[in-house]
Each structure stands twice: as C-alpha cells, then as structure tokens.
Amino acid sequence: PTGSASLTCVGRRLRAIPLLAHFSSGASTMIEPSWCNVAQSYLGLREYPGSSNNPTIMGWLKNMGWAWLGGDSVPWCGSFLSHCMKRVGITPPKAGYRALSWATWGEPCHSQVGAVGVKSRKGGGHVFLIVGITADGKYFKALGGNQADSVCISDIAVADVDAIRWPATQLVTNIPLP
C-alpha cells in the first residue's frame, strides 16, 4: 500500500502522450514506454481475500524465481514492476521484489511518463510508474501494483518520493507529465 498517500484508484486506460515530433503529413507520433503498456494491461487486477491467492500474481512471483515469498498478501509492488520490465526485455533489480531496491536501479532522471518512482514508508517502501501529475503539482499519478490491494492509479505526494529512475538500457523519452 502507499501509506499516507491520497489513494484514488481508477479503472481506466492511460492515453498515449503525443511527442513533439511531427511527420511531413502533419500526424504526430503517439508513444509511451513499453513497460507502461504492460502495466496498463493489468489495471483492475486485485489480490484475492483471505488465504486464496490470485494466480496472476502468483505467476509473476514464480516466473521471477520468488515463489518463496508466499501469497498475494505480501507486498508485491516490486514484483509487479519487475514483471512489467522483464516482459519488455529490461532486467529489473536482482531483489526487485523489494521496493527500495529500485531506488538505485537504472539511472536517475527527472519526473516524466514511465519513470520509476520510489518512496519510503514505515516497514519498507513502495515502487510505481509515474504517469501524470495533479494540476497543483503536489501529487504524482502513480500506476502500480499493491495499491489498495490492486493494480491501479493512485496519487502519491511528490514530496514523499525519494528516487526517480529510468532503465539504463533505454533512451530517456522525456514525455512530459499530463
């Protein structure tokens, strides 16, 4: 969970953000980082209550070699992000199931669509994808797992974010925050 962050999960798809590049036909390029597309495809996925486990979440843990973590009641934000990165050929941190391991992964960058945000909280941390910002600039729109026990978009205070990272193997796209 995101701790003290204002949590507003929504079940809608993100829209592609137009880049400044234009072709001679006048059409603009619509693109967003591929790992965001993977993450979006899971919007609305929830962990199962009680001792039952969501097989999708359990599959991520198994495929990453982390089945020993147990069920979907454990913090799984890092496992979700690891799965999204691995699906597009990007290597996550060795201990990607630990949210705070993302704070030193990749390269530091400024806030932009697709950047990885990391925040500390009592008992650990939280990791998410930055996909927007509120009009007042006080909250990032954060696409992540284990936010209200689901994959959703929530508001996380900009002041609470300790690190913003970008995959070292990918060109920084500099897509501005909507």
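At a glance:
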item	result
23 Å Cα-Cα threshold exceeded, pairs from K86/K138; K119/K141; K86/K122; K94/K119	K86/K138; K86/K122
Order by protection proxy (mean Cβ within 10 Å, highest first), peptides 37-43, 123-129	123-129, 37-43
Packing-based ranking, highest mean first, of 141-152, 69-80, 166-177 given that Cβ atoms within 10 Å are counted	141-152, 69-80, 166-177
Net charge over other residues, Cβ less than 11 angstrom from the Cβ of S82 (K, R count +1; D, E count -1)	+4
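Values quoted throughout were computed directly from the atomic coordinates according to the rules given, and no laboratory measurement underlies them. None of these values were measured; they are calculated from a predicted model. Here the Cβ is made from the backbone with ideal geometry for all residues, glycine too, and neighbour counts use every protein chain on show.
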